[in-house]
Each structure stands twice: as C-alpha cells, then as structure tokens.
Amino acid sequence: MNYILFDGPARNALLPFTFTRPVADILVGIMTIRQKWEMRLGSTTTTLTEEYLSDKYPMVELEENVMINASFLPNDVLAEMVSNLEPNQAIFKGDEVIAFYTQEDQESVDFDTYEIIEYNEECITIEHTWDIFSKNDESIREDFEFLTEDRKSQPIPKSVNVIASENVFIEEGAKLEFVTLNASTGPIYIGKDAEIMEGSVIRGPFALCENAQVKMGAKVYGATTVGPHSRIGGEVKNAVLFANSNKGHEGYLGDSVLGEWCNIGADSNNSNLKNNYEEVKLWSYETEGFAKTGLQFCGLMMGDHSKCGINTMFNTGTVVGVSANIFGSGFPRNFVPSFSWGGASGFTTYITKKAFETARIVMSRRNVEFDEREAAILEHVFELTKKWRKE
C-alpha cells in the first residue's frame, strides 16, 4: 500500500518548526513521527505538505493511497487499523480524521460517502509546539518499548553507576564510562555511536539518538531527547533537540524545543516558570498574538538555523523563528521573528545572503550540503515572515 502523511490542521500551530519541515518530520520521543509510522507499518511514506517544501519532501500518489494525519502518533492498535483500511473507509477520532483510503484525488474526498470507523482509544497527538516537550515523556516510553522488544542491549560498562539497569538500552557503538544513569524514573535509550562523557548524571526518561553526544559533567533530567548528531551540556530538563543542534556548554535549558542547526552559546539560560507562577502564554502564528498553553512550565521554542551568543537570557515562553541571530545583554522580547539580528536593544533584518553563508559553514561541519533546495525553502520563509520584522 502507498502511505502518504499529510500535515493536517495542526500545521500552523506547530510553526516555527513546520516552516522548514512537514509535521511528519517533527522529532518527539526517540523517533520522528514519520519513522514511527514507517516502522509500525513496515513501509516507506511520502508527504503532502506546503508547496514550497514539496521539492525536498515530495508526495508519491498512486491510484490507491492511504492518507494519514501526521499529528497522530501511531500505537499498535492504531497502526493495525490503518494497515487494514479498505477503499472508502476512514478512521476518525471525534471530529478529526486520522486516516482514510482513497482511490481518487485526495483533494476531492467527500467523507459523507465513506464508511467511518471510530477510534476511541487514547493516542498521543502533536497539535501545538509545546506538545513536543510536554508529551515527550509518554512518547519516549512508547518508542522505547517498541524499539527494544525482543532485542538485547549492549552491555552496560562496569564503570557506569546505574539504577534500574533493566530500563537501559544501549545500541551498538555507543560509548559511556564513569557516568550515572537513573532509569528508575523512566527508560534510558542510548543510540548507535552516541557518546556520554564521564561525570554526566542522567535521569530518565531520556533518549540520546544516533551519533549524539552528552558533554562532560552534564546534568540531565527527563523527559529529554537529543536528536541525531546533536550535543548537550550543562543542565537540561524536559527538552527536545532536533538533529544537528548544539547546547554544549554550561547554562540551563528546560521545557523547551530546539529545531535543527541551532546553537546555544555558553552560559545561556532560559526561564521556564513565571515569577508569579501563572500560566505561560506563547506567541501563536495562527492568531498573531499570545496563546494560552495551559502550562505552568514552558521555556524556549527555537526554529531551525537560529543561534544565540554567550550569556543570552530567554524569558519564560519565548518563541524564536527561523535563522535568527541573538546576542547582547538583557532579555530579548519573547517573540523573535525569523531572520532577526540583534537582542534586547533591538533587531535588524538578518539578510539571507549572510544567513546562508553561516548555514553553509555550519552544515558543512556535519558533511551536509547547503544546496539550492535548502536555500529556496529559507528564501520562502524569509518572505513569509517579513511582516513580523521591523525593517
């Protein structure tokens, strides 16, 4: 069967992360949403997303397709229901479509002609930016159980101080010596060729993805995910770093999400709790105002390719767009538009020529080419976000 993951109505609520990727390629738990579906369905997937992203994330449409709403994370029951779909059947949870089988152009689907199958069990959904970290605990546990079932971990080195070793899984090539792992509070997954340097203290749930790294003496609380080729140091709590991002030095990152190719300068910190303990509000690209999160703890949302200099201070509930460069003393405002250059004293536009030069250098350090396709996506984001910058 041909499976297509579509963005669905949550796409705009997941900006700035979906400026540069489909919903399906958001990392939560140990894997991206796409990887979760592909592993459970035993099939590759393609994507229905914004037109400007479709060159990098193309859709392959055949005569028969199963369309899947990427905001819904699969579990055993849901994956089986999707794999058993037949023509003109659709799975709904309440008023929201999860998946449907179509033999025609998906844009002309009339669900009144479909047999509706109700899904009434619980499942994880990613519908807001803060869901990525706030539902990361549950997602790590689900992914850990799925990925490690009937598999044997690499041995835990004798120098490692471990609690609840049965909840630790180490993939081939991973390196760790003289570290403390407490998996009594949740599983700890250490990916292929990942490294935890000596002196680090880690409390689960925790996921260190392939080729990721924890620097010396780091203090990590669950539920934290470090994406492929990313690095963390200092103090980190309940944070998700997508691939190829760095928070490698002292400083605090909590209840936060970093996109790809981000860098947090040394001794930078974010607040995740307001001084008056009130509910945190976050900038919404949908309403162009600040939206209630329902959370008391909420830190930093930073889009792809954004950076901050040393000693940067982020207020509770700060949203930073794509390709922003933040530096200087004081607190920058809690919404920093994409392609902004500056800090608390003010911002100017970070022109694409300069931003692309930096992106090219940064990506080359991971042996990834900044090509015309990447440039075209960022150029489009630059134009989309122009209205929020003070030119």
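If you count only protein heavy atoms and use a 1.4 Å probe, how large is the accessible surface of LYS386, to the nearest 10 Å²?
In the full protein context, LYS386 sits at about 80 Å².
Between HIS380 and SER43, 0.36 nm times their residue separation minus their Cα-Cα distance comes to what?
118.2 nm
What is the Cα centroid distance between the stretch 126-194 and the stretch 89-120, reported in whole angstrom?
So the separation of the two Cα centres works out to 36 Å.
Once you've got the Cα coordinates, tell me which of LYS56/LYS93; LYS56/LYS292; LYS237/LYS354; LYS36/LYS152 are over 25 Å apart.
Those over the limit are LYS56/LYS93; LYS56/LYS292; LYS237/LYS354.
Calculate how many DSSP beta bridges within the chain are antiparallel, expressed in % of all such bridges and rounded to the nearest 5.
The antiparallel proportion sits near 25 percent.
Write down the percent of antiparallel bridges among all DSSP beta bridges whose residues are both part of the stretch 262-332, to the nearest 5.
Here the share of antiparallel DSSP bridges comes out near 35 percent.
Sort GLU115, GLU372, GLU64 by heavy-atom solvent-accessible area, probe 1.4 angstrom, most to least.
Highest to lowest solvent-accessible surface, that is GLU372, GLU115, GLU64.
For GLU235 and GLN154, FRET efficiency with R0 = 25 Å and r from the beta-carbon atoms, rounded to 0.05?
E between GLN154 and GLU235, to the nearest 0.05, is 0.35.
Under a GNM of the chain (C-alpha, springs under 10 Å), which listed residue has the highest mean-square fluctuation: MET67, MET302, MET81?
Answer for the Gaussian network model of the chain: MET81.
Give me the tail of P(r) for the chain as a percent: Cα-Cα pairs with distance above 28 Å.
Roughly 47 percent, once rounded to a whole number.
Using a 1.4 angstrom probe and counting only protein chains, how large is the accessible area of VAL201 in Å², to 10?
70
Once a ≥ b ≥ c are taken as the square roots of the eigenvalues of the Cα gyration tensor of the stretch 223-276, is the result rounded (a/c under 1.5), prolate (a/b larger than b/c) or oblate (a/b not larger than b/c)?
prolate
Please list the three semi-axes, largest first and in whole Å, of the ellipsoid equivalent to the stretch 83-122, using sqrt of 5 times the eigenvalues of its alpha carbon gyration tensor.
Three semi-axes, in Å: 18, 11, 8.
Using just the helices of the chain, give the 222 nm mean residue ellipticity in deg cm²/dmol: DSSP H runs with n ≥ 4 each add -39,500 (n - 2.57), and the total is spread over all residues, rounded to 500.
So the calculated ellipticity at 222 nm is -4500 deg cm²/dmol.
Using 1/(1 + (r/R0)^6) with R0 = 35 angstrom and r between the beta carbons of GLU286 and GLN35, what's the FRET efficiency to the nearest 0.05?
FRET efficiency, GLU286 to GLN35: 0.80.
What FRET efficiency comes out for the pair ASN275/ALA164, r = Cβ-Cβ distance, R0 = 35 Å, nearest 0.05?
0.45
Net charge around ILE124, counting only other residues with Cβ within less than 11 Å of its Cβ (Lys, Arg = +1; Asp, Glu = -1)?
With Lys, Arg at +1 and Asp, Glu at -1, the neighbours total -4.
The values are calculated or read from the model by the stated rules, or taken from the named source; none is laboratory data. The structure displayed is predicted, hence computed values, not measured ones. Counting neighbours? That spans all protein chains shown, and the Cβs are built from the backbone with ideal geometry, glycine included. To get the accessible areas, we keep the full protein, side chains included, count just its heavy atoms, and leave off ligands, DNA and RNA. Shrake-Rupley method; radii C 1.70, N 1.55, O 1.52, S 1.80 Å.
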